[in-house]
Structure formats: structure tokens, C-alpha cells
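Note sheet for the following structure.
Bear in mind that the values in this text are calculations on the coordinates, not laboratory data. Note that the coordinates shown come from a computational prediction; the quantities given were computed from them, not determined experimentally. Note that each Cβ is placed from the backbone with ideal geometry, even for glycine, and that neighbours are counted across all protein chains shown.
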Amino acid sequence: MRDILEFSRLTDEELTELLRRHKIGLSIAEARHIPELLGRDPTLTEATVWGIQGSEHCSYKSSRNHLRELPVSAPNVIVPVGEDSGVFSLVEHNGERYGVIVAHESHNHPSQIVPYEGAATGVGGIVRDIACMGGRVIGIMDSLRFGDISRNESKWIAGGVFSGVGGYGNPIGVPNIGGDVSFHPGYNDNCLVNVVALGTVKESEVIHSYVPDEAADTGYEFVAVGKPTDRSGMGGASFASASFGGGGEEELEAKKSAVQEPNPFLKRHLLVATYDLFRELKERGWIPRVAFKDLGAGGNICSTVELVAKKGFGAEVFLEKIHTAYEGLPAAVIACSETQERFMWACHPDVTDFIVKHYNEKWNLPLVCERARASNIGRVTRGNYVLKYQDDVVCDAKAEHITEGFLYDRPFAHVEKNLSEPVFETPKNLSSVFLKILGSENIASRKPIYEKYDKQVQGYVVIERGESDASVMTPFLDHEELGEKRYVGLASSVAGNPWYGCISAKMQGANAVVSAMRAVAAVGAYPQAYTNCLNYGNPEKPEQMAELVDGIAGIKEALESVKLKNHREFATPVVSGNVSLYNEGASGSIPPSAVLACFGKIDDARKAVTMKLKGAGNVLYMIGARRDECGGSEYYRVLGLGVGASVPVPNYSAVQSEIYALTDAVSAGLVQSAKTIGEGGVLVALAQMCIGGFHDGKIGVEVNAGKIIRDSGLRFDKALFTETGGFVVEVTPGDAAEFMKVLDLCGVTPVEIGRTSADANFIVKYDTGFSLPLEDIRTAWIQGLREKLV
């Protein structure tokens, strides 16, 4: 029999206790609203469904109104925001667009509680988001934020996350092509694990995340594929949309049970079987007769209801037909558990048996994993969304009420931070300060992290993680029909400095956009699309809601100010994203943390450049004048001066011109190496160019600091360590004149700041300059993070 929860007859206190007892993630107001939507009190399954599907993680109920402000349309967009992943065009050939699939997701709370499994299942989920668009997964990236590195707990969490990312990504055969890591005490109680995945698909072969118009009248059927449903991950979406509290060991254990269990080896088998199915569907002309979704947050309910809700359809799903790990699972668990390694197809009834046999017989899923299989579990209708379990109707509601039943226009209020710039004298031993910055956990080489990852598998990677600010791939290299277009490159980067968020949520978001743009430009690529993961605190608190609103405003401003190079009337579009709220613990909310991933195009990946200096006697140019913008800098942090107030404020017109100019120069073959100026300042950029991504650089530099300071009016130390954005570029003397001409055409005037040298020294010339052996630079940068993680 159905369990009816008499929401309408309970007092607030009784309702609170009922929700707690059943672990249903609803507020009192939301629970009161459900009987209004249904016209009656809900069943236990319905209440559980709304608690998950109505979470911030699934419904974007607090952010939806603000996210609409972001630019999402452009001529290069194939699949816009609104499906499991976005798709943008990278290559066009004979009237066909070859697309890149991108998606961005968070797995923050699970990774704080169970670091390895939380990070691993985050990777698993984002990979499914790519595959369900009909494409092949070609890369993943990770953007990670941890607490104070001096704390043992922070080290434990970080180590578990690093292992989880590699422990999942490596077995499934997908390269880790990029990422970033920051440490900040604001993440002591709530780490961030944001993951990005990329894939490829032709526009004509895209499979959508919603059923076609004929689905209801034709009776399209649902086929659940993969691991048998169990209790693992039950309530994961609700858990991801709640603040960390102090509930003791009992609450901690309950939260651990909401973290899914990864099985990357089953996932690899599922991916290969699914790629083969894509081929079969294409050959039979059946791509228009199917829809496909990841079983992530919300499990079977989320996938089936979202497949039909966009078209206003309903469904009839028979929970007893869903394959489970053991007998006796309650209806709510079968419907909502977030068991990993599962997909959901919706297909024309003529296709159903073919899909079922493909997985169960051709690829023998039941043999690969006990009780894994493909199962026909229901059909699309024109009525309500109905779940049945052993002849009982346990859910009967309008699909759109489930997916969009809650929407908030939450109040927000800005709080004055009363920040100020520190007053201090220039340190006497700047060379020592410089080495400390290089060895900082936020600046030092990330090799201790990415050495755990496979960075080259599949053979598409041209510039791998660590060699530059962005990776470069040739994702269509095996498409011989493209001819020379096979060498079109895809550059990928992520950015989002949390220290800037301590000063201004808006500028943190804006700088994340611009930093990611500059990163792809530094290899020679011009930005084409973005994904975002917006990590903020409790939206029910007006001051924290204001940070989300401001962060989105900064992202919007930056995207709309820097146009697509090949379609200059259009802003660079956001094609996919994620919002993660309630990131707070006992010590308060995390810093406002917008993480942006930028994807750029380089017309010939063979021309892409790395950051490593290439030869002695070459000219070093700085692009982007220095400004007094040390707020949030590593310089202030190393000196113990706090965050300051003068956060970098991008000059968008200059940013656009500089990106266009540098990518033109790379395309013309005039650039030997390039590096963004950002965290740590211009000297850090130069040091990293000397050392190189493989840590084998032997070229030194002689830098005329007076030219860095020129026109800035800055003090010597601030000019060297301000984090105003820009580039350092290496050019041969023979190409210098032509390089200047190319930049002049874009209205950019670089400053010659020095030369490369065969001597293995790092020399900064000024009246208070200094000189360091390159070996000292190398040791500080290579060992800085590794020593702190021990």
C-alpha cells in the first residue's frame, strides 16, 4: 500500500520531524506547497522525489532567474544550455559541423565527507553527461579548492581527491587535460571539487536529452542501462543542496551513505558498448528516434521525468521492472537512488528490443557485473508522470511540477566589507620574497597532483597539462575526410581565484572569465565557448545570495565585453554549467568561487606554443601595463598583509585587443613561447617560462624592471608582484619587427622588458634589483607544493 504523508494536517513542528525522519530535503514552505500542486497530500515516494528534484542541485530554484542574464546564443552554438551538456562547433566541412561537447559539474559535499569516492563519482557523472549527447569522451579537467594546507585534514582531503580523480579517469581511458588548485582557509569545512569533461560529435549525430515530438503518440519506451540500482547515493542531490552542520557522528555517517560508489571498470565497458550502439543507430538512421540521459542526481526519477517534461508529456514507469542489486528495495529508493554507472534511453518502440539486446547479449552486461543489464521499464504518455510499484501508484503528478515546482526570487543584500590597502615598506630582500611566492601552495608546480593522472591516452593531446596555461588537443585528428582541418586545435583552461572573492564577488567572477580567456590565448587559441560552475554559500542568507548575484553579474559583464573573434557581434557564449550552493560549514561560507572553463580554437594546432623558453638571445615582451592591483595577491599573503582592497579590474577593451593580437602573432609563426601574467605577477610568469612544464628548462633571463614599471607609476615591488592580467611573450630578434606590426594592427603596444640568456640565471635589473641562480628558482617552484602536502 502507498504511504501517505499527511503534510496538510501536521503542525510545523510535526512536519519538521517527519521530514527529518524520512530524510526528505524540503523546507516547511516547500512541503506545504506540494499538496497545492497535487491537490492532495503526497505519498512518501512523491515527497522524496520533490526533495531531490526540487533541490538546488537539480532545479536551480534560487539561481534560475539570474542565470538567464548570461549570454548563451551565438552562431557557433549547436546545443545551447538546457541539456545534459552543451555543444559548440569547432570545424565545418562540406556543410557538416563537427562539434565539441562540454559540461561542468560539482561534487563538493561528497568529496568533503569521502574524498576518494566523492571525487571519483564526480568524474564518473561528468563523463556520462558527455556520452549521453551521442559523443565520444576525449578529456576531463578538475578545478579543486581545499582548506589551509597546514591542517592535516586539508592534506587528507586533498590527497583523497587527487587519488579519486586519477583512480577513476585513468581506468576509463580518458586523459586529464587541465585543471587548477587553490588552498584557502575558507574551504576548511567545505572543499570544492569541480570537474569538466569534453567530447566530440557531428551535429547530425547529436542525441538530445529530451524525447521528440512523436514520443507520446508513438509510445516511446524507457530503457534503463547499467549497474543495478541499490541504496548507494540515496539523497545525494539533497545532500549537495544543504549546509554542513554539526550533527555529530550519526549525521556524518548518514551523509557518507549519500555518496555514490564508483566502478570505473564497469563504466569503461558501458562507454565502449554505448559508442558501438551510437554507430549502429547511425547506420540504421535511428538517431532521430532516440533520446538519452545520464542517471545522475535523482536517479531513475530525474532521468525519466526530464526526458519528457520539456515537451509537456507524461510517463508511466514500472519500478518493479528496474533491475536492482537485491530484493525488497522500497519504491522511493528504486526511484531516487543515485547509484553510479547507469544511463537511461527513451526510444521508439521499434528500437527498444534492439537496444536491450545490444547491451545484454552483444556486450553481455550481466556477465560483466552482477545484475547489471538493460531493462525496459516504461513508456512516454500524454498524461501525468506516473510511477507504479507492484500495482500501487506511488507518484502521480505533472512532470513540469516535479522539475520546476519551486522557484525563488530570493532577497539579497550587500554587506560593506570595509577593506583597505595595507601600508608597508618595500621588503629589503625581494629575492627571498620572490622565492617564497614561487614556493607558495597556490603558485608552485602542480606536478605532485597531475603526475597521478594519465594525460596522453587516446592520442589527441598536443600540449598536455603543465606545459602551458591551457592544454591543446586535435580532437578530429582521426577524421581523414577533413584533410588539413584535422589539425584544428581545441584549447581548454579553467580559472577562478578565490582570494579575489574575499574582496569582490563580482570581480572574482569577471577575473575568472578573463583569466581563462587569456590562458587559451597564451597557446595561440581564441575563445569560442564557456562552461561555469558557480560555488557559493547559503542563498537563504541575503548577504550570501548577493555574492551569487554579483558573481553572475561579473561573468556577464566580462563575456559580453569580449566578443567572439570570428563573430565579433556576439559575446562568447556559455553553453553549459552548474550551480553549487549551501557551501558553508561551522566556520562560515566559502569565498565566492565562480570557476570558469574556456574553450578556444587554434586553426592549426601544430603552431601552438608552450610556456617554456626556446632559446638564448630572444626578446621578451610584456603585453598589458602594470597597475596597482595587489589585492588578493600572493605577494600580500606571503607578507602576511591580508587580502587588501585593490582587486584586479579588467580593462575589457584591452583584454580583447590583446587576445586578438597574440593569437594573430602565434598564427603567423612569430611567437616562440608565451605565458599569462596572473597569480604571482610578471616575475612568476617569467620564472615558469624558464623552468618549463617538464621542469627541464635551462634558459635564463635578464629583465629590465624599469621598463616593467614604465608608465605605471608603481613602486618597484608592486610592479613586479601585482596581478594585473597580461602576457609575457618570447620572440626571436629576427621576428621582432613583424611581431610589433601584427600587434600594432590590433592597437596593442608591447613593452620590451628583457632578453633570454644562455646563462642559467634569473636577473632583475634595477637599482634594488637582484640575481638568482636558475636552480634556486627551480627548487622553490618544483618542491613548494610537494613539501607542504607531506
### Task
Take the Cα atoms of segment 521-616, build their convex hull, and give its volume per residue in Å³.
148 Å³
### Task
Treating the Cα atoms of the chain as identical point scatterers in vacuum, please give the log10 of the normalised Debye intensity I(q)/I(0) at q = 0.08, 0.11 Å⁻¹, two decimals.
-0.64, -1.17
#### Entry: Local net charge near Gly95, Cβ-Cβ under 15 Å (Lys/Arg +1, Asp/Glu -1)
-2
#### Entry: the chain: calculated mean residue ellipticity at 222 nm from DSSP helix runs of at least 4, using -39500 (n - 2.57)
-10000 deg cm²/dmol
### Task
Apply the Kirkwood formula to segment 386-490: the hydrodynamic radius equals the inverse of the mean of 1/r over all pairs of different alpha-carbon atoms; give it in Å with one decimal.
21.8 Å
### Query
Which of Thr572, Thr732 comes first, and how do the rest follow, when ranked by fewest Cβ neighbours within 10 Å?
Thr732, Thr572
### Query
How big is the Rg/Rh ratio for segment 23-89, C-alpha atoms only, Rh by Kirkwood, two decimals?
1.15
#### Entry: Residues in segment 159-174 that a label on Asp454 would reach, taking backbone N under 19 Å of a point 7 Å out along Cα→Cβ
162-174
### Query
Using every alpha carbon pair in segment 114-226, what percent of pairs falls into each 5 Å bin from 0 up to the bin containing the largest distance?
2, 11, 18, 17, 14, 11, 9, 7, 5, 3, 1, 0, 0
### Summary
Here D for segment 444-575, in µm²/s, from Stokes-Einstein with a Kirkwood Rh over Cα pairs at 4 °C and 1.567 mPa s, works out to 78 µm²/s
### Task
List the lysines whose Cα lies under 19 Å from the Cα of Lys311, skipping any in the same chain that are fewer than 8 positions away.
Lys293, Lys398
### Message
List the lysines whose Cα sits under 27 Å from the Cα of Lys707, skipping any in the same chain fewer than 8 residues away.
### Response
Lys428, Lys436, Lys612, Lys614, Lys675, Lys698, Lys718, Lys741, Lys765
#### Entry: Orientation-averaged projected area, Cα convex hull of segment 428-517 (nm²)
8.7 nm²
### Task
Would you mind working out the magnitude of the charge dipole of segment 609-790 relative to its Cα centre, with +1 at each Lys and Arg C-beta and -1 at each Asp and Glu C-beta, to the nearest 20 Debye?
220 debye
### Task
Just report the Cα centroid separation between segment 485-520 and segment 697-733, whole Å.
21 Å
### Task
For Asn152 and Asn170, compute 0.36 nm times the residue count separating them, minus their Cα-Cα distance, and round to one decimal in nm.
3.8 nm
### Query
Per-residue HN-Hα couplings for segment 275-285, Karplus 6.51 cos²θ - 1.76 cosθ + 1.60 at θ = phi - 60°, whole Hz, x for Gly and Pro?
4, 5, 5, 3, 4, 5, 4, 5, 4, 8, x
### Summary
Residues other than Ser580 with Cβ under 12 Å of its Cβ, Lys/Arg counted +1 and Asp/Glu -1, net out at -2
### Message
Students often get this wrong: which residues of segment 164-198 have the backbone nitrogen under 11 Å from the point 7 angstrom along Cα-to-C-beta of His695?
### Response
none
### Query
If you average 1/r over every pair of different alpha-carbon atoms in segment 522-680 and take one over that average, what Kirkwood value in Å do you get?
18.2 Å
### Message
To make sure I understand the rule: partners must be lysines, Cα under 20 Å from the Cα of Lys506, and not fewer than 8 residues away in the same chain. Which ones qualify?
### Response
Lys417, Lys541, Lys556, Lys563
### Message
If I model segment 609-790 as equal point scatterers sitting on the Cα atoms and use the Debye formula, what is log10 I(q)/I(0) at q = 0.08, 0.13 Å⁻¹?
### Response
-0.24, -0.65
#### Entry: segment 594-663: Rg to Rh, with Rh as the Kirkwood radius over Cα pairs
1.04
### Query
Residues in segment 279-297 near a label at Asp350, defined as backbone nitrogen under 18 Å from the 7 Å Cα→Cβ point?
280-291
### Task
Using the 2.2 N^0.38 Å rule of thumb for compact globular proteins, work out how segment 711-790 stacks up: its C-alpha Rg over that value, please.
1.42
